[in-house]
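Below is one structure, written out as structure tokens; the observations come after it.
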């Protein structure tokens, strides 16, 4: 449970977030200006360097390929097969009731 001070301070923060989103949605030029500022001022000296190998999918893909090739046959019996699924004996398929006519609904029912 939040403290009263946290609750008091969260209300203006929510308002700031909501008004900022409204500004961004209603003024597309503001998004362009923000992106320009980000690329020319905030990150002009930074260069993105990918963590994985250049032009590749990463080492994990090759490790998983080998593991999956080894275990795929063992996993096959556990794959979903719709032909193996049968209805319960005696079960009937009932139509979905219309809105307001749900089973157990008190709409249209007279008190006993």
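Every read-out reported here was derived from the displayed coordinates using simple, explicitly stated rules and does not represent laboratory data. Note that the structure is a prediction, hence the values are computed from the model and not measured. Quick reminder, even Gly has a Cβ in these numbers, built from the backbone with ideal geometry, and neighbours come from all protein chains shown.
If you stretched the chain out fully between residue 24 and residue 47, how much longer would it get, using 0.36 nm times the residue separation minus the C-alpha to C-alpha distance?
Length gained between residue 24 and residue 47: 5.6 nm.
Please say if the range 1-56 is rounded, prolate or oblate, where rounded means a/c under 1.5 for a ≥ b ≥ c the square roots of the C-alpha gyration tensor eigenvalues, and otherwise the choice is prolate for a/b larger than b/c and oblate otherwise? Oblate, since a/c reaches 1.5 and b/c is not below a/b.
Suppose R0 equals 35 Å; then what is the FRET efficiency for residue 37 and residue 10 from their Cβ-Cβ distance, rounded to the nearest 0.05? Could the numbers behind the result be given before it?
On the way: r = 28 Å, r/R0 = 0.80.
Efficiency at R0 = 35 Å is approximately 0.80.
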